[in-house]
Amino acid sequence: MNHTSMFCIFRKGRTWLAMPASVVREVMPRPAFVSIPRTHRVLSGMCHIRSEFIPVLNLSSLLPSEAGGNEPFLLIVDDTDGDWAILVDEVDSLAMLETSDAPEDSQSGWNETVIGWATLQDRVVRLIDHVRFRQLAETEMKDSWKRGLDQGHVLTDDFSDEDDDESGELSEQHAVVMSRNS
């Protein structure tokens, strides 16, 4: 089934992608952001944009055979569960694309986020479902967290302003542990 809709077209590595223009809140030059220790590589970090913390997802970790590049642009996606962003190499334009459905046999892993295909000039553009993309990233992070717990890893955060005492007690630290039953 072919239909025409407005999309934001962008590039990561050699791969051209598009999301519906209605979900792209903003495109901006890459801001400073902080990485979060001990998280799956699908989460590049967090950035602070206009009094809002935005998770930055690593598109390279989900795209097959695309290594991280310069990624000078941040594309912020408006999502019902909260905004999130991805770093991209180039943002081409907003354009009306005549789309065709993705083949049904490509519905696993990264490919389940591809909902269709289009051509623009001489390029093949993969149309991405932003909700499926976020859900895939969340699944990767949850699986990584579960594997870490299964291996006995415990995350700690030190909230004290003083040096740690020699006793090794956790009185100055809070351990973050997730129950296997939750």
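Element breakdown for the stretch 1-82 at a 1.4 angstrom probe: carbon and sulfur atoms account for 55% of the accessible area.
A simple rule links phi to the HN-Hα coupling: the Karplus curve 6.51 cos²θ - 1.76 cosθ + 1.60 with θ = phi - 60°, which for the stretch 19-34 gives 10, x, 4, 5, 9, 8, 6, 6, 10, 8, x, 4, x, 5, 8, 10 Hz, with x for Gly and Pro. Other residues whose C-beta falls under 12 angstrom from the C-beta of Leu43 contribute a net charge of +2, scoring Lys and Arg +1 and Asp and Glu -1. Per-residue 3J(HN,Hα) values for the stretch 114-126, derived from phi via the Karplus relation 6.51 cos²θ - 1.76 cosθ + 1.60 with θ = phi - 60°, read 7, 9, x, 9, 8, 10, 9, 6, 9, 10, 8, 10, 8 Hz in sequence order (x marks Gly and Pro). Each Lys or Arg adds one and each Asp or Glu takes one away; over the other residues whose Cβ falls under 10 Å from the Cβ of Asp78, this sums to -2.
The values are calculated or read from the model by the stated rules, or taken from the named source; none is laboratory data. In this text, all values refer to a predicted model and were calculated from it rather than measured experimentally. Methodologically, a virtual Cβ is constructed for each residue, glycine included, from the backbone with ideal geometry; neighbour enumeration extends over all protein chains shown. Surface accessibility is based on the protein's heavy atoms, side chains included, excluding ligands, DNA and RNA. Shrake-Rupley method; radii C 1.70, N 1.55, O 1.52, S 1.80 Å.
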